[in-house]
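Remarks on the structure that follows.
Rule-based calculations on the coordinates, nothing more; no lab input. Since this is a predicted model, take the numbers as computed values, not measurements.
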Amino acid sequence: MRDLEKLIDEVNGSMSMEGMPLTQTNKDRIRHCVGNDKLVEETIAELIKTHTAVNNMTQTFME
């Protein structure tokens, strides 16, 4: 478990340098998915769908 928290801290550090620190939801999502490849794939698909819908709505709204 300590290794997982260290990994999350390292990812958060890298993302923070890019101006996009992990939210608590992001950290919880990593903890929830670790070790379950199927759940990782499902979560990625869900995130892509969510963010694609937001981007499409924003783009349509701005036209």
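The aspartates and glutamates whose alpha-carbon is closer than 17 Å to the alpha-carbon of residue 49, local same-chain residues fewer than 8 away aside, are 41. With 0.36 nm allotted per residue and the present C-alpha distance subtracted, the residue 3-residue 17 stretch has 2.9 nm of extension available.
Straight-distance candidates among the lysines for linking to residue 6, with alpha-carbon spacing under 16 Å and chain neighbours fewer than 8 residues away dropped: 27.
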